[in-house]
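A short write-up of the structure that comes next.
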Amino acid sequence: MNLYEKRLEHYKDEILSSHKKLAGLMVIQVLFVGFFLLSFMLLTVYLFSQKQVTSGDFVLISTYIIALTMPLLMVSQSIIHLKGDFIAIEKFEQYFHLMTDQLSSEVIIDQPIFYAFKQAEFYLGKNLITDFDFVIEQGKNYIAIGQTGIGKTSFINYLIGLEKIKAGQLFYKNVEISQQFSENIFKEIAVVSQMPVVYSGTFRENLVHNSHYTYTDDELYDYLERFSLLNLINKNNLTLDDNIKHVYKSFSGGEKQRISIIRALLKKPQLLIMDEPTAALDEQTSMTLMKFIQSQVKTTFIISHANFAQQYADEVINFDTLIQKSAIQKTEVF
């Protein structure tokens, strides 16, 4: 079981335990209020039978008692909600006490190969891949295909340092990143994730974020036109320097995706890594953008389910075949 699954199981156990405690508190609350009301009703019935109270008194007092129990119910509900707040605060505290990844600052020397896996062992989803040898060469376009959930995004996570391989070696050019990633790698690569992000800030800041290059307004508008985003600017009455904090949440998935791709291209990376960059786009738009992207970046590694994407690849990596091959190798060993 990989680290993510262990954390997920721990979280599920913790939430289940917390919910059991909350359920227990609610049962106690109901029993207490029920006992209180029952005791009062029995006492009132007794007094009524002794003709010490009238039927009108009985109804009036019952109404008062029920009204008095309502604040108790509200207080108890607030206490139950506080339990959830304490759990959330505890989670935040645990997060801020987590060990931070220590990135190396090793100098990167240019080489014809970006990434090299050597006898690597790592997880793709629930599948353990062993004795994996693979290189990502400069000047080539790679398309990764495979079933949904098979582990293609996990593979990208190894490339960008979010996950570590279990054994073997992983290099970025001359730097081994098997267990420690290098901060200098981010100066050379750009990543477009499956979940595109648009920031609260100006449109210009969203486009040139992390780019060390300066662009004129005309150049930025040219990119927006190529990616069919000028209409987004016009319909929201925006300029490049307007803050989009009040409108960016209304942007569609496809619009956010295209903004993320522009942001990556404006960084002028040596290698562009993209996870389903055209998932929210129609086929014609996707094909046009794929051509433009490859005209701007010499080396790309793209995960895509689109059938047309493979025509833009110098090499196709089939993760289904990779996992089947690994399973056969394990069978032969045993």
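Hey, can you tell me all the residues within the range 281-314 that are among the basic types (Lys, Arg) and within 15 Å of residue 223 (Cα to Cα)? I'd like the intermediate steps shown before the answer.
From the range 281-314, those among the basic types (Lys, Arg) are 291, 298; that's our starting set.
Answer for the range 281-314, where residues must be among the basic types (Lys, Arg) and within 15 Å of residue 223 (Cα to Cα): just 291.
Does residue 235 satisfy the criteria of being under 23 Å from residue 281 (Cβ atoms) and among the basic types (Lys, Arg)? Break it down into steps so the answer makes sense when it comes.
On the way: under 23 Å from residue 281 (Cβ atoms): yes; among the basic types (Lys, Arg): yes.
Yes: the conditions hold for residue 235.
Evaluate the range 145-161: report whether one residue or more is of a type in the set (D, E, K, R), in the same structural domain as residue 267 (by TED's automatic domain parsing) and surrounded by fewer than 16 Cβ atoms within 10 Å (Cβ to Cβ). Spell out how you get there, then give the answer.
Of the range 145-161, the ones of a type in the set (D, E, K, R) are 152.
Going one step further and asking which of them are in the same structural domain as residue 267 (by TED's automatic domain parsing), we end up with 152.
From the residues that got through so far, the ones that are surrounded by fewer than 16 Cβ atoms within 10 Å (Cβ to Cβ) too are none.
No, because not a single residue in the range 145-161 is of a type in the set (D, E, K, R), in the same structural domain as residue 267 (by TED's automatic domain parsing) and surrounded by fewer than 16 Cβ atoms within 10 Å (Cβ to Cβ).
Could you give me the residue pairs with C-beta distances under 6 Å whose first residue belongs to the range 40-62 and is free of Cβ contacts under 8 Å to residues at least 24 places away in the same chain, whose second residue is assigned to a loop (DSSP other than H, G, I, E, B) and surrounded by 14 or more Cβ atoms within 10 Å (Cβ to Cβ) wherever it lies, and which are 6+ apart or on separate chains?
47/53
Can you tell me which of 132, 92, 48, 40 is outside any helix (DSSP H, G or I), modelled with pLDDT of 70 or more and aromatic (Phe, Trp, Tyr)?
Values: 92 fails: outside any helix (DSSP H, G or I); 48 fails: outside any helix (DSSP H, G or I); 40 fails: outside any helix (DSSP H, G or I).
On inspection, the qualifying residue turns out to be 132.
For the range 222-334, list the helices (runs of 4 or more DSSP H) that sit wholly inside it and hold at least 1 residues that are more than 28 Å from residue 135 (Cα to Cα) and over 26 Å from the mean Cα position of the chain (by Cα); which are they?
Numbers: elements: 230-235, 253-266, 283-296, 319-333.
It comes to 230-235, 283-296.
If you go through the range 244-285, how many residues are crowded, with 21+ Cβ neighbours inside 10 Å and either free of Cβ contacts under 8 Å to residues at least 24 places away in the same chain or not assigned by TED's automatic domain parsing to the domain that holds residue 224 (or both)?
0
Being surrounded by fewer than 16 Cβ atoms within 10 Å (Cβ to Cβ), touching a residue at least 40 places away in the same chain (Cβ under 8 Å) and either part of a loop (DSSP other than H, G, I, E, B) or among the basic types (Lys, Arg) (or both) is the filter here, so list the residues in the range 173-186 that pass it.
Answer for the range 173-186, where residues must be surrounded by fewer than 16 Cβ atoms within 10 Å (Cβ to Cβ), touching a residue at least 40 places away in the same chain (Cβ under 8 Å) and either part of a loop (DSSP other than H, G, I, E, B) or among the basic types (Lys, Arg) (or both): 174, 180.
If I filter the range 225-241 for residues that are surrounded by 14 or more Cβ atoms within 10 Å (Cβ to Cβ), assigned by TED's automatic domain parsing to the domain that holds residue 319 and under 28 Å from residue 101 (Cβ atoms), do I get at least one hit?
Looking through the range 225-241, none of the residues is surrounded by 14 or more Cβ atoms within 10 Å (Cβ to Cβ), assigned by TED's automatic domain parsing to the domain that holds residue 319 and under 28 Å from residue 101 (Cβ atoms).
Only residues that are more than 24 Å from the chain's Cα centre (by Cα), outside any loop (DSSP other than H, G, I, E, B) and among the hydrophobic types (A, V, I, L, M, F, W, C): list them for the range 95-121, please.
113, 114, 116, 117, 120
Count, please, the residues in the range 135-172 that happen to be touching a residue at least 24 places away in the same chain (Cβ under 8 Å) and either hydroxyl-bearing (Ser, Thr, Tyr) or in a strand (DSSP E or B) (or both).
Going through the range 135-172 one residue at a time, the tally reaches 17.
The values are calculated or read from the model by the stated rules, or taken from the named source; none is laboratory data. Bear in mind that the values here come from a model prediction, so they are computed numbers and not experimental data. Here the Cβ is made from the backbone with ideal geometry for all residues, glycine too, and neighbour counts use every protein chain on show.
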